[in-house]
Amino acid sequence: MNILFEELFDVDLIGKATTKKPNLKNLNSNPTSNKELAVIGIDFQNDFLEEGNLAVADSYQDVRNFAKFIYENVDAIDDVFMSLDIHQPKQIFHPAWWVNNKGQYPEPFTVITYQDVLEGKWAPIFQEQESLEYLRGLEATGKKSLIIWGFHCLQGTFGAAIETQLSNLLFAYSLYKEKDVHYVTKGLNPISEMYGIIKPEYSKTDLTDKNLLSQLQNYKTIVIGGEAKSHCVLETIKQIVEEFEMINHKDYLIYVLEDCTSSITGFEEVTDDEYKKLASKYPIILTTIKELKF
């Protein structure tokens, strides 16, 4: 690009509600690339940043590094995918869905189990049978426990939008490469969590996004960063490699940009262990933007 990174991305405005777009009047273009490289940004939304409703520590630096990676490797990148976690207030992982025997809503980070409901500690306000089935299925498949999160990424709010400076960078990328960014929305199913971009945590029916999986098979290299490392990034990676294994797709390599992703506080150690296990089993390399150049 014939424009400085600092003209596209103002570090002093990270997380701020500004709609100012950079001056791209003389931006040249280079739509061609042949390295079969896709970049996936997971949930770089305002509510997951350091001033957001579900803040992730160090996320300002993560989003800056991710933007820098795209800028420095723009000629090699074939496509960019950005996931958007989008919710409504009444969903199974939000406080408004549950009440205890004192009529109180759960606090954020409360864990609710199937046994808790059977014992009357918590009761769903909506879709009682479906809620019980979800908890039972979630635990039977060995997934993460149901955690109550504070209201976040509500549809139509500032918190649900991509961080503004990264949005500027993506705007420039789209014009420079003469192609659209692929936005992948997830999380509107009221009766399920959806950390990964491929499918919900649990569902009685197969809700796997086979179209997205088919698209991702076109790339020999996939680079991933985003928030949070412990949840949506981790589950996205697990879903991709597990689904690729099921269809015997092996011609790919995933790079995880560790300086473009951070864990929710308290989940750091167990998350790092999970990444090491994944990297020992699948074609995954843990790296940084300084180490990875195309």
So what is the diffusion coefficient of the chain in µm² per second by Stokes-Einstein at 25 °C and 0.890 mPa s, using a Kirkwood Rh over Cα pairs? 123
For segment 77-201 the mean separation of alpha carbon contacts under 8 Å (6+ apart) over residue count, i.e. relative contact order in percent, is 38
In order over segment 144-157: 3J(HN,Hα) from phi, Karplus 6.51/-1.76/1.60, θ = phi - 60°, whole Hz, x for each Gly or Pro, gives 4, 5, 5, 10, 7, 9, x, 4, 8, 6, 5, 3, x, 9
Tally Lys/Arg at +1 and Asp/Glu at -1 over every other residue whose Cβ is under 14 Å from the Cβ of Ala160; what's the total? -4
Rounded to the nearest 20 debye, what is the charge dipole size of the chain about its Cα centre when +1 sits on each Lys and Arg Cβ and -1 on each Asp and Glu Cβ? 460
Give me, ordered by chain and number, the residues 5 or more places off Thr110 or on other chains with an amide H under 5 Å from its own placed amide H. Ile148
Accessible area in the full protein assembly, largest first, 1.4 Å probe, for Ile42, Ile86: Ile86, Ile42
May I ask you to give the percent of accessible area on segment 165-294 that is carbon plus sulfur, with a probe radius of 1.4 Å? 50
Where both partners of a DSSP beta bridge lie in the chain, what percent of those bridges are antiparallel, to the nearest 5? 20
List Asp259, Asp62, ordered by accessible area with a 1.4 Å probe, largest first: Asp259, Asp62
Taking the chain as a Gaussian network, Cα atoms linked when under 10 Å apart, which of Lys90, Lys25, Lys177 shows the biggest mean-square fluctuation? Lys25
Listed residues Val223, Val63, Val270; largest mean-square fluctuation, Gaussian network over the chain with Cα springs below 10 Å, found at Val270
Taking a threshold of 31 Å on the Cα-Cα distance, which of the pairs Lys90/Lys290; Lys16/Lys276; Lys35/Lys229 fall above it? Lys90/Lys290; Lys16/Lys276
Determine, for each peptide in 130-143, 43-56, 147-160, the mean count of other beta carbons within 10 angstrom over its residues, then list the peptides with the highest first. 43-56, 147-160, 130-143
Going from most exposed to least, what order do Met246, Met82, Met194 have by accessible area with a 1.4 Å probe? Met246, Met194, Met82
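The values are calculated or read from the model by the stated rules, or taken from the named source; none is laboratory data. None of these values were measured; they are calculated from a predicted model. Cβ atoms come from the backbone with ideal geometry, glycine included; neighbour counts cover every protein chain shown. SASA here: full protein model, heavy atoms, side chains in, ligands and nucleic acids out. Shrake-Rupley method; radii C 1.70, N 1.55, O 1.52, S 1.80 Å.
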